[in-house]
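*Asks:* Sending over a structure as structure tokens; questions will come in a sec.
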Amino acid sequence: MQLFDIGANLTHSAFSEDLEGTIAKARTAGVTQIVVTGTTVDETMAAIRIAERFEQMLQRGLLDEVRALRARGDLHAALPSMRCVGYRQAWAALDSSALADFRERGIAATRQLAKRQLTWLRSMEGVTEFDCLSSDVPEMVLEYLRRELEAMIAGG
């Protein structure tokens, strides 16, 4: 029998404090797939984009990159550079040979990071948001910076 969880709330503190342990327990219990749902269209779209981006990272050789970094011999899992999202999960997967769970763990960790970043940004005043999926976002950012710089020069 295969179990498929469609209501995973892995961002809840009861689960997120030990995300890798939570996923491992689910796998041990027979859960073969975890689908993390969003509560809004924006959150759902972000979850989809994160999963797609992580899949692109895998296709572009993330695991091979981490294998090569490990082979150098001067790096270890406790270094800040190896604790980054994606690298941490890849290193752990290679340590334990648990590659089957790696994709889900990496996506979940990336979603957690994105949620923390959004929470942090929302707490700040004066943050200007740009649609990162817009085809003209570089031009929008440059135009914004030009206007801000002109206002700074004019004011003073």
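*Asks:* Please go through (1) free of Cβ contacts under 8 Å to residues at least 24 places away in the same chain; (2) farther than 30 Å from residue 26 by Cα for residue 133 and return the number of the only condition it doesn't satisfy.
*Replies:* So the condition that residue 133 fails would be (1).
*Asks:* Then there is this: Go through segment 29-59 and give me each residue that's more than 14 Å from the chain's Cα centre (by Cα) and either modelled with pLDDT of 95 or more or under 17 Å from residue 100 (Cα atoms) (or both).
*Replies:* If the condition is that a residue be more than 14 Å from the chain's Cα centre (by Cα) and either modelled with pLDDT of 95 or more or under 17 Å from residue 100 (Cα atoms) (or both), then 29, 30, 31, 32, 33, 34, 35, 59 are the ones that fit.
*Asks:* How many residues are farther than 24 Å from residue 26 by Cα and touching a strand residue (DSSP E or B) at 6+ places or on another chain (Cβ under 8 Å) if we restrict to segment 72-104?
*Replies:* The qualifying residues number 0.
*Asks:* If you check 58, 79, 118, which single one turns out to be more than 26 Å from residue 43 (Cα to Cα), surrounded by 12 or more Cβ atoms within 10 Å (Cβ to Cβ) and not polar (S, T, N, Q)?
*Replies:* Exactly one of 58, 79, 118 is more than 26 Å from residue 43 (Cα to Cα), surrounded by 12 or more Cβ atoms within 10 Å (Cβ to Cβ) and not polar (S, T, N, Q), namely 79.
*Asks:* Looking at 67, 49, can you tell me which residue is assigned to a helix (DSSP H, G or I), charged (D, E, K, R) and closer than 12 Å to residue 107 by Cβ?
*Replies:* 49
*Asks:* Mind listing whichever residues of segment 122-137 are closer than 19 Å to residue 49 by Cα and not in a loop (DSSP other than H, G, I, E, B)?
*Replies:* Passing the criteria: only 137.
*Asks:* Listed residues 72, 116, 105, 122; which is under 30 Å from residue 21 (Cα atoms), basic (Lys, Arg) and touching a residue at least 12 places away in the same chain (Cβ under 8 Å)?
*Replies:* 105
The values are calculated or read from the model by the stated rules, or taken from the named source; none is laboratory data. Since the model is a prediction, treat every value here as computed from it, not as a measurement. Every residue, glycine among them, receives a Cβ derived from its backbone with ideal geometry; neighbour counts consider all protein chains shown.
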